[in-house]
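The values are calculated or read from the model by the stated rules, or taken from the named source; none is laboratory data. Here the structure is a predicted model, which means the values were calculated and not measured. Please note: Cβ atoms are built from the backbone with ideal geometry, for glycine as well, and neighbour counts cover all protein chains shown. Note: accessible area is taken over every heavy atom of the protein model, side chains too, but ligands, DNA and RNA are not part of it. Shrake-Rupley method; radii C 1.70, N 1.55, O 1.52, S 1.80 Å.
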Amino acid sequence: MSSSQELSNEDIQKMSSQFQQLQYQADALSQQLDVVGASIAESDKAINTIAGFEGVEDGHEILIPIGMGTNIMANLSKPDTVIMEIGAGISTEKNLDNAKKSLETRKEELTKFHQTTQNNLNQIVTKMQEIESVVTTAVKTQQADQIAPQTNQGPMQGL
């Protein structure tokens, strides 16, 4: 970096603030990616479970997990019907095929959102790396400029 392009302390401070803001955004996007990833996994689980019920007859006995490794034994009365939440606390009955299609559509939307969010995170990380590189170079240049005059004033000067 030439001396005309050197960053002032104020510029370095501004870039450091920008870096910190980008770090906050990156953290938020990472958390969002975790939540969306969990939703995608949950979608897969629901799709696979529905696929497992295809062809099951009324009265089929199943175990229903209720948490902490605990299950309840139950008999299916309508194994060809799924009750799905459609939003705002409202649920509807769907047959297995329609429920599976709805879940696959949701999964596709979540996957697209996940990819968009991942791309945004990648852009932020790239910008952070650029800022870090510029600031590191500027700080090293400033340190070198401060050390250079000191080395020119040794005890032998003036002899």
I'd like the Karplus ³J(HN,Hα) series for region 135-141: coefficients 6.51, -1.76, 1.60, θ = phi - 60°, whole numbers in Hz, and an x wherever there's a Gly or Pro.
5, 4, 4, 5, 5, 4, 5
Projected label distance in nm at Ser8 and Gln142, using a 7 Å step from Cα toward the beta-carbon:
1.2 nm
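Does the chain classify as rounded, prolate or oblate by the C-alpha gyration tensor (a ≥ b ≥ c root eigenvalues; a/c under 1.5 gives rounded; else a/b over b/c gives prolate, otherwise oblate)? Intermediate values should be presented prior to the final figure.
Details: a/c = 5.73, a/b = 4.02, b/c = 1.42.
It comes out prolate by the Cα gyration axes.
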Compute, for Glu42, the solvent-accessible surface of its heavy atoms (probe 1.4 Å) with the complete set of protein chains present, and express it in square angstrom to the nearest 10.
130 Å²
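Could you put Ser77, Ser102, Ser8 in order of accessible surface area, largest first, with the 1.4 Å probe and the full protein assembly present?
Working: Ser77 90, Ser102 30, Ser8 50 Å².
Output order, biggest surface exposure first: Ser77, Ser8, Ser102.
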Taking the full set of protein chains and a 1.4 angstrom probe, give the accessible area of Asp44 in square angstrom, rounded to the nearest 10.
60 Å²
Can you give me the solvent accessible area of Ile64 with a 1.4 Å probe, rounded to the nearest 10 Å²?
70 Å²
Which whole-number percent gives the relative contact order of the chain, counting Cα pairs below 8 Å spaced six or more residues apart?
29 percent
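How much mean residue ellipticity at 222 nm does the chain get from its helices, if each DSSP H run of length 4 or more adds -39500 (n - 2.57) and you divide by all residues, to the nearest 500 deg cm²/dmol?
Values: 2 runs with 101 residues, N = 159.
Result for the chain: -24000 deg cm²/dmol, rounded to the nearest 500.
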